[in-house]
Structures are given as structure tokens and as C-alpha cells.
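Undergrad: Below is one structure. I have some questions about it.
The values are calculated or read from the model by the stated rules, or taken from the named source; none is laboratory data. Because the structure is a prediction, the values reported are computed rather than measured. Methodologically, a virtual Cβ is constructed for each residue, glycine included, from the backbone with ideal geometry; neighbour enumeration extends over all protein chains shown. Just so you know, the surface numbers come from the protein's heavy atoms only, side chains and all, with ligands and any DNA or RNA stripped out. Shrake-Rupley method; radii C 1.70, N 1.55, O 1.52, S 1.80 Å.
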Amino acid sequence: MNIHEYQAKEILAKYGVAAPGGRVVFTPSEAEEAAKDMLGNGGICVVKAQIHAGGRGKAGGVKLARSPKEAMEYAEELLGKCLVTHQTGPQGKEVKKVLIEEGCDIARELYLGMVIDRAAQRLVVMVSSEGGVEIEDVAARSPQKIFKEYVDPAVGLLPFQARKLAFALNVPKPAIGRAVKFMMGLYNAFTEIDASMAEINPLVITKDGDVLALDAKIGLDDNALFRHKDIYGMRDLDEEDPREVEASRHDLNYVALDGNIGCMVNGAGLAMATMDIIKLYGGTPANFLDVGGGAGKEQVAAAFKILMADANVRAVLINIFGGIMRCDIIAEGVVVAANEVGIKVPLVVRLQGTNVDLGREMLAKSGLHIITAERMDEAAERVVAASRG
């Protein structure tokens, strides 16, 4: 689960991670009032669009205001605007709230990130002197400017590791202690809230020697959210794909992709293999959809409706290997959903395993127009051909 920048900063503040003062607002008049409180007798404030995507500054979603009136005008410009960044795709995301934040006197912009390295099976802390730049660009252009420290989960991030990273960044001596405290606070937050990713970009050192999170991005492990009801309450459904939201209501694992072949599979491994073989035969998957090993007919029906609701889908492949999941349950769910919403595109079904004969018989007697297959390669070849008309 992702959260907004202002929410990430609220969480991090509890762990001693410093950031400029700010207030989230929903109307231009609220932006003006917030700016009045922050500007006082002068200075600047920052008006930031709040969407779940990076690259907001380059897309015009971050503005510097020197008066309350200017802050109001920028907020009026941004609210309701569809902001397009490299992470939103061409459709963009509508801005429904903005963050009014105090300006600061920046001396240096750095990068700080934490993520789980699956290969090393450890958390890795990454820093770079190239703050304000996408870390992927830095890795491609100047990999020598990225420094890493791997954290032993038995002891956690140690102060000497944080100091080592601060030295690598040439942090001024008076700010070393603050930089170490900042990193340790971010690490404590990361582990205690079960984050999967945390990124401070840019991490700034002010001319007064303060170390601040000018931006903050946190991704959370969905599987651990039951431990964090308060954070789960920060979920913004407006920022998520409606199909993924609907899938989550039925405990389905669904990820929207940019292809035109809808997939319904049981088991993550088989789902990935199905997507691979579709690609092998020249097709492009429209989604990853794992109904799991213990889904009932209601979940299967919900999954089928989600696939049928995708306007990009030109054909659907249902690929089930019945172990715990029974083939007749899949067949029953498909028949129920198809009778409710109709089959609007070619449907290819491959069933194998538990109760496969019963499942095939139910589909055959349903009166639905279904293309059947027994092997995965056969199913992939037929669904790709069907998607091309």
C-alpha cells in the first residue's frame, strides 16, 4: 500500500525524522490561510500536489509561492488538474489535495532510500550525493555515486553504518550527528511499520546544518497491515486502480497491466508462467490475477466480472490446475458470472486436476461459447489468436 507524502511525514515525525512544517489542504482558500500562517513577515512556501507518483516537480506539481495570494492561485491551478508524470502513465492522476509546506534554505540535496534486497535477504540502505534525481537515472549514469550498507536483521542498523554513509556523502562535520539520527529514525520507522520501501528524495542539509526530509515516499507491506490499523486508515482509494480495489474486497491478488489478454489463474507461480507463455506466443497480458488455492465460486465470479469490465481486454484465458482448488468450483463461478454480465470477448479455458471432468462437463452444459484447451501452450496459442480477431 502506498501513502501520500504528507502522511509519510506524519509517520516519520514520530520517529524523530525531521521535515519542514506543512499542512494539507483541499481548497484554494485553505491554501491561502495555511500560507499566511507560514510566511509571516516574508520568505517562501511550497505548494505540492499530493498524488501517489514521483516526478511531480518535473510535471509542474510543485510550486514556490512568495505570498498567500500566490499560494492560493497555485492551489487553484493544481486542484482538479490531471497531473501526468513518468510514473502515472499517459492517463495521469487527478490532484485532489495539496500540501502547503514551509520553505527552507537549502545548502545540499542528497538521496536516502531503504528497501528489501530479496537476493541478499536483508534491508539495504542506499545514499547518493545526487539528490532530487531519480535513483534509477543515477544508477545508469553514475553508479559510483551510490553507496550501500546492508543491515543484519539480528542487530539492526548500527550507528557506525549510518556514520559511514554520512562520511561517504561528505556531510559537513557539524551535521554528522543529525544525519546519523535521521537515518536511525528512518530505519526504526521502516521496521516498526513493516514498510517495503522508504525514500527521502531529496534529503536536504540546510545552511544552518539541519537535516530535513524535503520529500518522503513510503510503501507498506500489504500482508502486515492487519498490525497497523491506523496506517491502513490512510489508504486513499481514489489513488488506486478501481479494478484492484474491487479485487482486494474479494481477497483476490490482482495487478492491472497494459496488455489485452485477461488472465485468471490459481497460484502465483502458475499465473506468472501463464503470463510468460502468452508473451512467448506474441500476446500481452492485461493483468495478473491469482484467485488463490481456496477461492469459492463467489470469488471466482467476482474475478471474472473484473476481467470482463476491463475495456482493454480482447480475450480471456482461464488457466486452472486443480489441487486444493477444484475445477468444478471454477466452472461454477464462471457460469454464474457469465450469465450475469455476459461473455463479450473470446474465452479460452484450460482445466486440469481435481474434478476436472466435472468442471469440463459443467462448462459444456452451460451453453456458453468457450474455447477449450488441455495444454498450456495450446491455451496460449488459442487465446493470442482469439485476441487478434
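Undergrad: Determine whether Leu358 is farther than 18 Å from Ile277 by Cα, modelled with pLDDT of 90 or more and assigned to a helix (DSSP H, G or I).
TA: yes
Undergrad: Within the stretch 1-21, count every residue that is open to solvent by 50 Å² or more (accessible area, probe 1.4 Å), over 16 Å from Gly219 (Cβ atoms) and either among the aromatic types (Phe, Trp, Tyr) or in contact (Cβ under 8 Å) with a residue 40 or more places away in the chain (or both).
TA: Residues flagged as open to solvent by 50 Å² or more (accessible area, probe 1.4 Å), over 16 Å from Gly219 (Cβ atoms) and either among the aromatic types (Phe, Trp, Tyr) or in contact (Cβ under 8 Å) with a residue 40 or more places away in the chain (or both) within the stretch 1-21 amount to 2.
Undergrad: OK, next. Among the numbered criteria (1) modelled with pLDDT of 85 or more; (2) crowded, with 16+ Cβ neighbours inside 10 Å; (3) farther than 20 Å from Gly296 by Cβ; (4) aliphatic (A, V, I, L, M), which one does Leu363 miss?
TA: (3)
Undergrad: Please state which one of Lys229, Lys173, Lys207, Lys217 is crowded, with 16+ Cβ neighbours inside 10 Å and among the basic types (Lys, Arg).
TA: Residue meeting the stated conditions: Lys217.
Undergrad: Restricting the search to the stretch 22-42, which residues are touching a Pro at 6+ places or on another chain (Cβ under 7 Å), among the aliphatic types (A, V, I, L, M) and surrounded by fewer than 21 Cβ atoms within 10 Å (Cβ to Cβ)?
TA: Scanning the stretch 22-42 gives a single hit, Leu39.
Undergrad: Okay, moving on. Search the stretch 138-162 for residues that are on the phi > 0 side of the Ramachandran plot and pair each with any residue that is among the hydroxyl-bearing types (Ser, Thr, Tyr) when their beta-carbon atoms are under 9 Å apart and the residues are at least 6 apart or on different chains.
TA: From the stretch 138-162, the pairs are Gly156/Tyr187; Gly156/Thr191.
Undergrad: Still on this structure, I have one more. If you take the residues in the stretch 338-351 that are open to solvent by 20 Å² or more (accessible area, probe 1.4 Å) and either modelled with pLDDT of 90 or more or assigned to a helix (DSSP H, G or I) (or both), which one is nearest to Ile320 (Cα to Cα)?
TA: Step one: filter the stretch 338-351 for residues open to solvent by 20 Å² or more (accessible area, probe 1.4 Å), giving 339-346, 350.
If we keep only those that are either modelled with pLDDT of 90 or more or assigned to a helix (DSSP H, G or I) (or both) too, we end up with 339-341, 345-346, 350.
Values: Asn339: 20, Glu340: 22, Val341: 21, Val345: 19, Pro346: 17, Arg350: 6 Å.
Once the filter is applied, the top-ranked residue is Arg350.
Undergrad: Mind checking which strands (runs of 3 or more DSSP E) fall wholly inside the stretch 253-315 and carry at least 2 residues that are open to solvent by 10 Å² or more (accessible area, probe 1.4 Å) and farther than 22 Å from Ala331 by Cα?
TA: Those strands (runs of 3 or more DSSP E) span 253-256.
Undergrad: Considering only residues that are over 28 Å from Arg56 (Cβ atoms) and either of a type in the set (A, V, I, L, M, F, W, C) or open to solvent by less than 40 Å² (accessible area, probe 1.4 Å) (or both), which ones fall in the stretch 127-155?
TA: If the condition is that a residue be over 28 Å from Arg56 (Cβ atoms) and either of a type in the set (A, V, I, L, M, F, W, C) or open to solvent by less than 40 Å² (accessible area, probe 1.4 Å) (or both), then Glu149, Val151, Ala154, Val155 are the ones that fit.
Undergrad: Next up: Within the stretch 326-377, how many residues turn out to be under 20 Å from Ala271 (Cα atoms) and acidic (Asp, Glu)?
TA: Adding up the residues that qualify gives 3.
Undergrad: Output the residue which, of all residues in the stretch 321-337 that are at pLDDT 85 or above and open to solvent by less than 10 Å² (accessible area, probe 1.4 Å), is farthest from Arg243 (Cα to Cα).
TA: Cys327
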